[in-house]
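Below is one structure; the comments refer to it alone.
The values are calculated or read from the model by the stated rules, or taken from the named source; none is laboratory data. The structure presented is a predicted model; accordingly, all values stated were derived computationally and were not measured. Cβ placement follows ideal geometry from the backbone for every residue including glycine, while neighbour counts extend to all protein chains displayed. Calculation scope for accessible area: heavy atoms of the full protein, side chains included, ligands and nucleic acids excluded. Shrake-Rupley method; radii C 1.70, N 1.55, O 1.52, S 1.80 Å.
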Amino acid sequence: MNAGDRVRVDRDDQTFEGVLLPSSNEAQLVVKLDSGYNVGLDREAATATVLEADVYDIESGDVSDQSTVEFDDDLPTISLISTGGTIASTVDYRTGAVTAQFDAEDVLRAVPELAGLANYRGRVVANILSENMTPSVWQDLAEAIHDEIQAGADGVVVMHGTDTMQFTASAISFMLETPVPIVFTGSQRSADRPSSDNVMNAVAAVEAATSDAAEVMLCMHAAESDDVCALHRGTRARKNHTSRRDAFETIGRKPLGVVDYDAREVTFRREYAERDETALALHADLETDVDLVKFTPGAEPSMLDPVDGAAGLVIEGTGLGHVNTDWIDRIDALVEAGTTVVMTSQCLDGRICDRVYDTGRDLLDAGVIEGEDMLPGTAMVKLMWVLGNRDDPVAAMGKPLAGEITDRSVPWE
Amino acid sequence: MTAEYEYDDLGLVAGLEIHQQLDTATKLFCNCPTALQEPDESSKTISRYLHPTTSELGELDEAALEESQVEREFEYLMYDSTCLVEADDEPPHRVDDEALAVSMEIAQLLDMSVVDQIHVMRKLVIDGSNTSGFQRTMMVATDGEIETSEGPVGVEDLMLEEESAQRLTETESGVRYSLDRLGIPLVEIGTKPDIRSPQQAQEAAERIGMLLRSTGEVRRGLGTIRQDVNVSIAEGARVEIKGVQSLEDIEAIVRNEVGRQAELLEIASELDERDATVGDIQDVTSVFEETDSGVIQGALGDGGKVWAVPLPGFGGLVGREIQPDRRLGTEFSDHAKRHGAGGIFHTDELPAYGVTESEVEALAEAVDLDPAVVGEDTTDAVAIVADDPETAEQAIDAVAKRAETAMDGVPEETRDATEEATTRYLRPLPGAARMYPETDVPPVEPDPETVETPELLTEKTERYQDEFDLDAGLAEQVAYGQRWALFEEAVERGVDATLAAQTVESTITEIRRDGAPVENLTDEHFRDVFALLAEDELAKEGVPNLLSALAENPELSAEAAAEQEDLGSAAEDEVREAVVRVVERNAEQISEEGMAAFSGLMGECMGELRGKADGDVVSDVLREEIGKRAD
């Protein structure tokens, strides 16, 4: 008896007939009844008879033939790169959880609204949930994007799980000099539900990818309604809610731009790098021996023990950029031993200033670099990149390389 | 059409689906209260689109597909009583324990077996009534039975599911819904197709309703219980009728649906005899270029088209009545409307509506039919739709498809109950393909051992008669009403049973009739009133006035209201003073009539005391005082 068989299950004086489904639990038989309802039956107490074997191929589902999309010379060519995540996910019936099983062509099939906006090239770089993302996948992705642009893509849309999208977008921002838009998008509500935000986010991302802004951007819902997507700069975005469609925010400023879904119109609030202004270049090296440590009240200096000998350390300090004064000697020793130490703030919004209070001044004396108004996560990715590519990490960490630092604090803009 | 049918001969098979909202403290998948709101209390509006998805077996549901062919924008009103779960911006919480316990209690009353493991499913619904695009539903129990006077009716299954959002209005681009109702726990009880007569359908529905109310945990009032009826006759087809508003309509709806299916079968056999066919749809706009018909003119003026389908062999049958005031043509029209058209014209009813005889002839010629045999009392027919080009073509195509099925007999479908107890086409029958697992909620292993068995309302009625000596009518009123628990409490603390029963039922009805806002009365108000009665601080005659006063001023305590209304139970000397005043005023009458004056003066005394004295006491004192003077 296998999943996909049509079975009859007798349980006391009751009879259930339907298709056997994979069960997440040894004790239960899960049957999909003809009404469509699933029901779990105690395996011990039930007697099951196979009526017909292999009625359904549960593993792959009955997926219809894929449509062949014709190439239109008048439309731009957009490269769709999938890394997995909710936007390209379907249900895994063994665990009951949502996992990524689709390639980019499936996304085209899943989002028919994309048709007619561009010619598409599909590519799969990874098929992982975004919490399983690693710096080496960032490097694979950077290379894939580079190749796609070199092969003539007029824009790139990267489909990515939302959990760590901001880290990947930051990494790509530092690793690539791009003449075309690179737009990250995903969905907060899985693609297997009619209300998924994947359709609108994908359509808006393609619109942004065909726009004039040669920037690395994140394109996600701007509000709870399906009306406007926000375009966030890759290095300044943060996921600030666990489940809402509009979880992403640009920290410290308004988003770079918006895409109106009804009007299919992309508008920008600020200056951006224009299309074809920059020559394509890839600098994918990373120094991955970099840690991010969050200071909390009472945390012992021994928290820094595992960091000993690391190439880089980003501290998420309190307020303007502080840690317990007991930590200062320890940090001094790290810097002395060659670790590059950058201070950021768990306030997230606002600029580091270690010149106001004694603790800050002592930290500066110990050799800590003020991380300006960089997000802690962005600062960590940047430090990996700077240590892998630049000879002057101290200077490079203090100045903007990919829009990660703003020179004026103007949150109303 | 009013013919009585021999239901046995016709092979009537009917089943019921009863949907009942549960009266739980919170919603099924979040901790929001289940209170309903007024739309103008809404604090925020969001708008969304929905897109169809396939089931876990890769199938697309026909009903969902038809719904999705029109892209619509849905607006949702949010309130201070709704959260991100209703807005589909947060995953559902675990299944509400209280709702699960009540549904198992109901399962027990229906003699059903609770399943070993409950799986929460998503039932695809993309008309916007659920923000997620699906309704969460789970099968809790199967295989029960209820009794009716015409024999037992099996109960197929019991589902626990979330109530949909309330549809408020159509907007320019879609539909507006209110999120207050979304997520209220709802049980759906489906009977087996064991019902053999319209009367039995109604009786079964009443029986299930009584069992549901016996739990004391179901919501009451308009819209909190809904009945769907599934009807088929031999050679007919299963038709699911939605939205039957009241139990009293069930019998008539079943009768009318049986009639419709019988008529459709007759039409099918006549079409067969006539070798009827459905021709190709075509654009006949040119026929109507000079038309005087307002409807067609209007459509053409906006750049519209007229599309037609020739129906050789259908003459006279399109206009045949199949339910009171509904013809086969009305069925065609329902399908056209479903695709956005205003309706259809067909030649059985033409010339009329400004369409002339010569236009009908030209129309027949345009679709290659002989004009001589088109029209009522002839053999052929033509149906037309006038609307914008796309709508007209889609609508006439839907009409042609419905005409095809007319040749086969009765189509399986979901229909909507009308106020006249007839039905109209709503959508295709939903299939199993619209169900897939709700992966955000883990399966639940219920424990039916923990379920208590409530006393049935029928049993309660009998007990009230036996134990408290209530008459049958009052006992039933209290047992089936919503305040039986307050009644029992009152009797417990020593209030006379009949007085307590009247207080929670007939007194409320009376003061409501007199305009008191009784909806303001809380359980606490009743408890306070019973406390005053139990401690003899209130005369029973004062109860209506006190409840009216509390309804008007719900912020007052019963004690304060009694004082304000001067309803304290008067002491005997106070009563005597009042009675003496009345007797002295009427000394002349008493000396003439003696004790015969009693009944007239009794009313005057009670008025003087304004209800704050017990009638028996007043009566005794009055007799005494009249006696003294009448000597």
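Assorted remarks:
- Placing a pseudo-label 7 Å from each Cα along the Cα-to-Cβ vector at A:R269 and B:N520 gives an inter-label distance of 5.0 nm.
- Applying 0.36 nm per residue to the separation of B:R94 and B:S246 and subtracting their alpha-carbon distance, the gain on full extension is 51.4 nm.
- For chain A, calculated [θ]222 nm from helices alone, where every DSSP H run of n ≥ 4 adds -39500 (n - 2.57): -6000 deg cm²/dmol
- Considering only B:P371, A:A273, A:V111, the residue lying farthest towards the positive end of the dipole of the protein assembly as shown is A:A273, judged by Cα position with unit charges set on Cβ.
- If both residues of a DSSP beta bridge must be in chain B, then about 90% of such bridges are antiparallel.
- Comparing B:A237, B:S214, B:P152 along the charge dipole axis of the range B:148-260, the residue lying farthest to the positive side is B:S214, per the Cβ-charge model.
- At an R0 of 60 angstrom, the distance between the Cβ atoms of B:D566 and B:T171 translates into a FRET efficiency of 0.65.
- Rolling a 1.4 Å probe over the protein chains gives A:H146 an accessible area of about 30 Å².
- Taking Cβ atoms as reference points and 13 Å as the exclusive limit, the residues near B:C83 contribute a net charge of -4, counting Lys and Arg as +1 and Asp and Glu as -1.
- Derived scalar couplings ³J(HN,Hα) [the range B:186-195; Karplus, 6.51 cos²θ - 1.76 cosθ + 1.60; whole Hz; x for Gly, Pro]: 9, 9, 10, 10, x, 8, 6, x, 9, 7
- The angle between the Cα long axis of helix A:376-389 and the longest principal axis of the Cα atoms of chain A comes to about 70 degrees, rounded to the nearest 10.
- Model label zone, B:D370; criterion: amide N under 17 Å from point 7 Å along Cα-to-beta-carbon; scope the range B:273-287: B:274-277
- The length gained by stretching the chain between B:A531 and B:E588 to full extension, at 0.36 nm per residue less their Cα-Cα distance, is 16.3 nm.
- Largest to smallest accessible area among B:E331, B:E266, A:E336 [probe 1.4 Å]: A:E336, B:E266, B:E331
- Among beta bridges identified by DSSP and lying wholly in the protein assembly as shown, the antiparallel ones come to about 75 percent.
- Backbone amide hydrogens, once placed in the peptide plane, bring B:K44 within less than 5 Å of B:M78, excluding anything fewer than 5 places away on its chain.
- Residues A:S243, B:S173, B:S43, ordered by accessible area of protein heavy atoms at a 1.4 angstrom probe radius and largest first, appear as B:S43, B:S173, A:S243.
- Only protein heavy atoms count here; on that basis, with a 1.4 Å probe, B:V258 has an accessible area of about 0 Å².
- When the Gaussian network model of chain A links Cα atoms closer than 10 Å, the mean-square fluctuations of A:L218, A:L256, A:L401 top out at A:L401.
- Against chain B, whose longest principal axis comes from its Cα atoms, helix B:598-609 is set at around 90 degrees.
- Helix content alone sets the calculated 222 nm mean residue ellipticity of chain B: runs of n ≥ 4 DSSP H residues at -39500 (n - 2.57) each, divided across all residues, give -11500 deg cm²/dmol.
- Chain B: angle of helix B:328-338 to the longest principal axis, Cα-based, in degrees nearest 10: 90 degrees
- Karplus (6.51, -1.76, 1.60) ³J(HN,Hα), θ = phi - 60°, over the range B:496-504, in Hz, Gly and Pro reported as x: 4, 4, 5, 4, 4, 5, 5, 4, 7
- Computed over chain A with a Gaussian network model linking Cα atoms closer than 10 Å, the most mobile of A:G317, A:G18, A:G403 is A:G18.
- Once the Cβ-Cβ distance of A:S24 and B:N31 is raised to the sixth power relative to R0 = 45 Å, the FRET efficiency obtained is 0.95.
- Between B:Q465 and B:D408, the FRET efficiency from the beta-carbon distance, with R0 = 56 Å, is close to 0.50.
- Full-extension gain in nm, B:R581 to B:Q282, via 0.36 nm per residue minus C-alpha separation: 98.2 nm
- Cα centroid of the range A:217-295 to Cα centroid of the range A:1-28, whole Å: 48 Å
- The distance separating the Cα centre of the range B:106-139 from that of the range A:347-413 comes to 53 Å.
- Considering only chain A, percent of DSSP beta bridges that pair antiparallel, nearest 5: 60 percent
- Where B:K612, B:K628 fall by accessible area, highest first, once all protein chains stay in place (1.4 Å): B:K628, B:K612
- Distant-in-sequence amide contacts of B:V125, defined by a placed amide H-H separation under 5 Å and a gap of 5 or more residues or a different chain, comprise B:F134, B:Q135.
- Peptide-level mean, for B:128-140, of C-beta atoms on other protein chains within 10 Å: 3
- Per-residue ³J(HN,Hα) for the range A:134-148, Karplus 6.51 cos²θ - 1.76 cosθ + 1.60, θ = phi - 60°, Hz, x for Gly and Pro: 9, x, 6, 6, 4, 5, 4, 5, 4, 5, 4, 4, 4, 5, 5
- Taking amide H as placed 1.01 Å from N in the peptide plane, B:L168 has its amide H under 5 Å from the amide H of B:R176, B:Y177, B:S178, each at least 5 places away in sequence or on another chain.
- Inter-probe distance in nm under a simple model that places probes 7 Å from Cα toward Cβ, at B:E273 and B:A472: 5.3 nm
- Counting heavy atoms of the protein chains alone, B:S132 has an accessible area of about 10 Å² for a 1.4 Å probe.
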